[in-house]
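The values are calculated or read from the model by the stated rules, or taken from the named source; none is laboratory data. Keep in mind that this is a model prediction, so the values were computed, not measured. Reconstructed Cβ throughout: ideal geometry from the backbone, glycine too, with neighbour counts over all protein chains shown. Ligands, DNA and RNA are excluded from the accessible area calculation, which covers all protein heavy atoms including side chains. Shrake-Rupley method; radii C 1.70, N 1.55, O 1.52, S 1.80 Å.
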Amino acid sequence: MCIHQLNLLAASNSLPITNFLGKQHPIEAHHLSSICDIMEKAMVNGDTCIIRCILVVFQVVFKFFFSPQTERNRDIVRRSGLLLWQLLMAPRDQICSEIQKEVCLAIGSGLNILYPGEAEINNLLKLVLTEGERNSGLSQLRDVILTNLAEQLQNNRFGSEDDDHYRLNDELLHYILKIVVRESCVLITKCQTVSKDDFQRLLSTVPAASSCLRYLMAVQNHLLSNTILIKPDENDDSDSSLQGETLKVQELKTSILSLATQILTGCDEVLEMLQQVTTALINSDIPDREQRLKGLEQITKATMLGHLLPVLLTSLMHPNLQTLTMADALMPQLVQLVLYTSQTALLLKTQSPVFSELNSSPSAASEQKGKLLPDERMLEEKEEPGFLTGLKIPAPWAAGKTVETVHPVRDNYKFKETVHIPGARCLYLRFDNRCSSQYDYDKLVIYAGPNTNSRKVAEYGGNTLGYGSRSVLGTGWPKDLVKVEGDTVTFSFEMRSGREHNTPDKAMWGFACTVRAQVLTRD
């Protein structure tokens with residue numbers, strides 16, 4: 001297989017043979033036609049040796065020696081594609097796995113020749129992504145194409161004209177992400193379902209990443225690298241240059257936000273499966289339970305949790321990505337992520353004492369404890385049971401979110417704001433003791449929901465300072481906490497009266513209120 005070795009050597013851009021092959025004249029159409037004739041004859045005769053050799057020839061020809069510029073060349077390309085597709089879709093009992101692999105490599109090498117338009121490539125990718133699980137040939141072709149695209153993205157990490165070609169559209173990315181989530185869940189589930197020997201073999205193969213996961217890693221690294229590492233050209237300060245840079249950065253941030261949202265949603269699903277498997281293993285009575293729980297961490301590193309999540313979370317801390325839009329969109333998912341990881345960590349940590357008891361008898365355990373060095377004994381005595389017990393989840397609303405008008409309010413002033421705290425069962429409102437308005441109909445109305453059509457909770461207005469109405473609505477501005485059921489509250493304030501000449505600022509202070517998801521006592 002000298003031609004096969006030539007093809008493998010030519011795949012490396014750093015070798016002289018690559019430049020040599022790239023300078024050769026394109027092959028003529030009648031030569032490729034002759035190659036197709038040999039392939040057809042070999043397929044009829046079932047000559048696997050010749051079929052495999054011609055497939056390797058296809059790989060070299062498509063990569064270096066062919067350009068489908070004329071109509072005759074395009075006809076030959078269509079003929080070649082039909083032959084390759086016929087081999088790819090042949091029943092398993094009629095084609096060996098080695099030939100199927102060479103077919104996929106041939107299609108991958110000639111992808112842009114066999115499928116010249118973007119729509120054709122997208123249709124092919126949609127087919128292999130949706131049907132790959134039911135057909136081994138399509139599954140191998142999917143892996144080859146995504147591996148090639150991932151390598152091309154990595155080689156063009158810092159931007160080129162081919163970026164759009166290597167980066168697939170959102171629909172295809174969604175299909176790839178679904179496959180990655182399913183692969184991750186299946187991998188974690190195997191920690192519970194496979195036999196002891198199969199589990200040991202599984203541990204020896206991780207943390208290798210699948211082709212779909214590798215492509216997502218390449219897309220994520222490509223977007224993050226261009227957003228974080230590339231700096232504008234300091235020598236070109238023209239308006240058009242600055243505007244172009246700004247548009248590019250905004251486009252990249254939009255792409256990152258879309259991808260990060262999908263990745264975090266997928267990670268939540270994988271973490272939920274991880275928690276279920278961890279709980280099931282803890283409650284099971286299988287002999288190697290301890291080894292499986294320990295190996296679960298290693299297996300998890302081979303999933304999207306190990307390959308995608310750390311890079312994404314670290315990159316989101318960069319100043320270029322610390323935007324209000326990014327935080328507002330991703331914060332609920334990040335909080336859910338913290339909850340899942342904390343709960344799973346607590347489950348695993350609480351099993352440590354059980355494992356110690358399983359590995360040794362009580363007498364052996366006490367004897368071993370007596371042999372501990374002083375420093376080890378001190379550490380053991382200080383260790384507190386219940387890892388993450390009483391953990392407070394960090395959140396932007398932990399210190400409360402303040403909602404307030406301008407101070408003092410002016411004539412015809414209107415104010416409306418909605419506060420939403422994901423996951424909160426109820427909200428607690430603490431009002432500033434300076435709250436006041438000139439008349440009781442210059443009032444604040446509170447609604448338990450996202451808008452003023454929601455259920456009205458309460459309304460407050462007026463003052464007791466001797467100005468304006470000299471009275472307040474109901475019992476006046478609240479001194480104690482106001483409880484609102486649900487996770488959303490809307491404030492609507494309107495100044496309907498005109499300010500009188502003798503009304504001081506303190507009687508038209510407006511309002512300020514702090515919203516929290518839990519009761520906090522006042523100092």
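State whether one or more residues within the range 256-273 are in contact (Cβ under 8 Å) with a residue 12 or more places away in the chain, outside any helix (DSSP H, G or I) and assigned by the TED database to the domain that holds S184.
Within the range 256-273, the subset in contact (Cβ under 8 Å) with a residue 12 or more places away in the chain is 256-273.
Filter once more, keeping what is outside any helix (DSSP H, G or I): none.
No, the conditions are met nowhere in the range 256-273.
Pairs linking a residue in the range 148-169 that is closer than 20 Å to I228 by Cα and open to solvent by 40 Å² or more (accessible area, probe 1.4 Å) to a residue that is of a type in the set (V, I, T) and at pLDDT 70 or above, with Cβ atoms under 9 Å and 6 or more positions apart or on different chains, are R167/V219.
Please verify whether S184 is closer than 28 Å to L224 by Cα, at pLDDT 90 or above and among the hydroxyl-bearing types (S, T, Y), treating the condition exactly as stated. Write out each step before concluding.
Working: closer than 28 Å to L224 by Cα: yes; at pLDDT 90 or above: yes; among the hydroxyl-bearing types (S, T, Y): yes.
So S184 passes the test.
Is it the case that the range 194-207 has a residue that's assigned to a loop (DSSP other than H, G, I, E, B) and at pLDDT 85 or above? Yes: one or more hits. The set of residues in the range 479-503 that are open to solvent by less than 40 Å² (accessible area, probe 1.4 Å) and either on the phi > 0 side of the Ramachandran plot or at pLDDT 90 or above (or both) comprises V482, V484, G486, T488, V489, T490, F491, S492, F493, M495.
Only a single criterion out of (1) farther than 30 Å from L334 by Cα; (2) out of contact with any helix residue (DSSP H, G or I) (no Cβ under 8 Å at 6 or more places or on another chain); (3) at pLDDT below 90 is not satisfied by G468, namely (2). Applying a threshold of 9 Å to beta carbon distances and a minimum spacing of six or more residues, or different chains, the list of pairs starting in the range 306-327 at a residue that is in a loop (DSSP other than H, G, I, E, B) and ending at one that is surrounded by 13 or more Cβ atoms within 10 Å (Cβ to Cβ) and of a type outside the set (A, V, I, L, M) reads L308/Q220; L308/G266; L308/C267; H318/T227; T323/K253.
So is R434 at pLDDT 90 or above, over 35 Å from the mean Cα position of the chain (by Cα), open to solvent by 40 Å² or more (accessible area, probe 1.4 Å) and basic (K, R) or not? The answer is yes for R434. When the test is whether a residue is free of Cβ contacts under 8 Å to residues at least 60 places away in the same chain, open to solvent by less than 20 Å² (accessible area, probe 1.4 Å) and outside any loop (DSSP other than H, G, I, E, B), A42 passes it.
Quick check on L82: is it buried (at least 19 other Cβ atoms within 10 Å of the Cβ) and within 39 Å of the chain's Cα centre (by Cα)?
On the way: buried (at least 19 other Cβ atoms within 10 Å of the Cβ): no; within 39 Å of the chain's Cα centre (by Cα): yes.
Answer is no for this residue.
Which residues, taken from the range 448-487, are under 44 Å from the mean Cα position of the chain (by Cα) and polar (S, T, N, Q)? Those that are under 44 Å from the mean Cα position of the chain (by Cα) and polar (S, T, N, Q): N451, T452, N453, S454.
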